[in-house]
1. Determine the equivalent ellipsoid of segment 105-175 by diagonalising the alpha-carbon gyration tensor, then write out the semi-axes as square roots of 5 times the eigenvalues, largest first, rounded to whole Å.
2. Between residue 85 and residue 284, what's the calculated FRET efficiency when r is the beta-carbon distance and R0 is 45 Å? Round to 0.05.
3. Please give the helix 310-324 orientation as an angle from the longest Cα principal axis of the chain, in degrees from 0 to 90, rounded to the nearest 10.
4. Could you work out [θ]222 nm for the chain from helices alone, using -39500 (n - 2.57) per DSSP H run of at least four and dividing by all its residues? Round to the nearest 500 deg cm²/dmol.
5. Per-residue counts of other Cβ atoms within 10 Å, averaged by peptide: what ranking do you get for 320-332, 214-226, highest first?
6. If you bin the C-alpha pair distances of segment 60-138 every 5 Å from 0, what whole percents do you get?
7. Taking only the Cα atoms of segment 161-279, how large is their convex hull per residue, in Å³?
8. When the Kirkwood radius is taken over all Cα pairs of the chain, what Stokes-Einstein diffusion coefficient follows at 37 °C and 0.692 mPa s, in µm²/s?
């Protein structure tokens with residue numbers, strides 16, 4: 001069985017007697033590759049080749065679409081540590097700013113919509129958004145990865161997630177959600193998203209990713225039902241018509257969201273784990289989500305960092321593997337993406353810590 005087949009079997013609920021292991025190395029690889037800090041023998045390796053070295057399938061999300069803001073002037077200024085984007089709408093100028101975080105990723109420090117006075121301009125931003133499918137990189141990615149991994153069709157964030165993660169931030173965002181302009185923005189962005197989904201779902205590929213970075217600390221079951229359930233349900237129906245699996249990403253505690261995600265038709269959830277990173281060890285997550293959804297994760301990011309003892313790391317991996325062994329819809333992995341400061345030695349050790357013969 002190939003790496004790719006092992007992962008797809010888990011999404012189909014087929015128990016093969018081998019526990020699939022998949023590490024999302026996208027952030028870790030990009031950070032070290034651009035800084036020249038991969039091991040010397042790996043310097044010219046692709047993500048797929050590095051994944052193979054670490055005995056994991058390659059997980060490669062591809063955006064087979066382009067986004068533009070029609071009729072709005074956009075200026076981007078980027079340095080090594082800071083990025084600023086300025087939007088000139090007819091209503092007013094909006095500014096967003098990011099700083100480089102310790103994980104090497106961009107952390108948003110300033111949001112374009114800072115209060116009620118910006119919402120008219122925000123609605124203009126939403127209305128101006130245009131998606132154009134561009135599959136030019138998809139064939140190349142699929143050819144490059146082959147059977148050693150999975151090329152994933154990535155979507156934009158759900159409108160609710162986009163508004164909170166990109167437009168408003170969580171503090172102001174949760175306060176302003178009831179404003180009429182926000183409701184209009186949600187409606188506009190939802191229609192644009194689902195139109196894109198219909199096109200993306202027809203492209204080659206088995207998995208469609210909605211990278212929403214859900215966090216149950218901030219999203220109540222009521223908010224999920226109101227703002228996310230219907231959107232996921234519409235996307236799932238479109239994706240399933242094309243015999244594809246819909247996966248979403250969680251970035252924190254997920255216990256109170258799992259049953260809603262399962263009911264909305266999701267096929268998989270990335271980022272599941274217990275404390276200290278999450279609140280749902282795999283057996284508990286299965287009990288909440290039910291039997292029909294694939295759970296990916298189990299290993300907290302924290303134990304890959306040398307601040308935690310080697311003994312704790314080894315015990316955690318062994319325990320999580322044992323918990324997952326008889327569940328045909330688990331993909332074992334590091335919950336969320338592998339952090340940039342993960343110990344290479346520990347990444348290399350994970351497959352050996354999973355029982356002999358259990359790694360797909």
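1. With the √(5λ) rule applied to segment 105-175, the semi-axes are 34, 15, 9 Å.
2. My answer for the efficiency is 0.65.
3. Roughly 90 degrees between the two axes.
4. -11000 deg cm²/dmol
5. Sorting 320-332, 214-226 by mean packing, highest first, produces 320-332, 214-226.
6. Result, from short to long distances: 3, 13, 19, 18, 20, 18, 8, 2, 0 percent.
7. Spelled out: Cα convex hull of segment 161-279, divided by residues, is 99 Å³.
8. Working: Rh = 21.2 Å.
For the chosen part, D equals 155 µm²/s.
Quick note: the coordinates plus some simple rules give every number you see, no bench work behind them. Keep in mind the model is a prediction, meaning the values are calculated, not measured. Note that each Cβ is placed from the backbone with ideal geometry, even for glycine, and that neighbours are counted across all protein chains shown.
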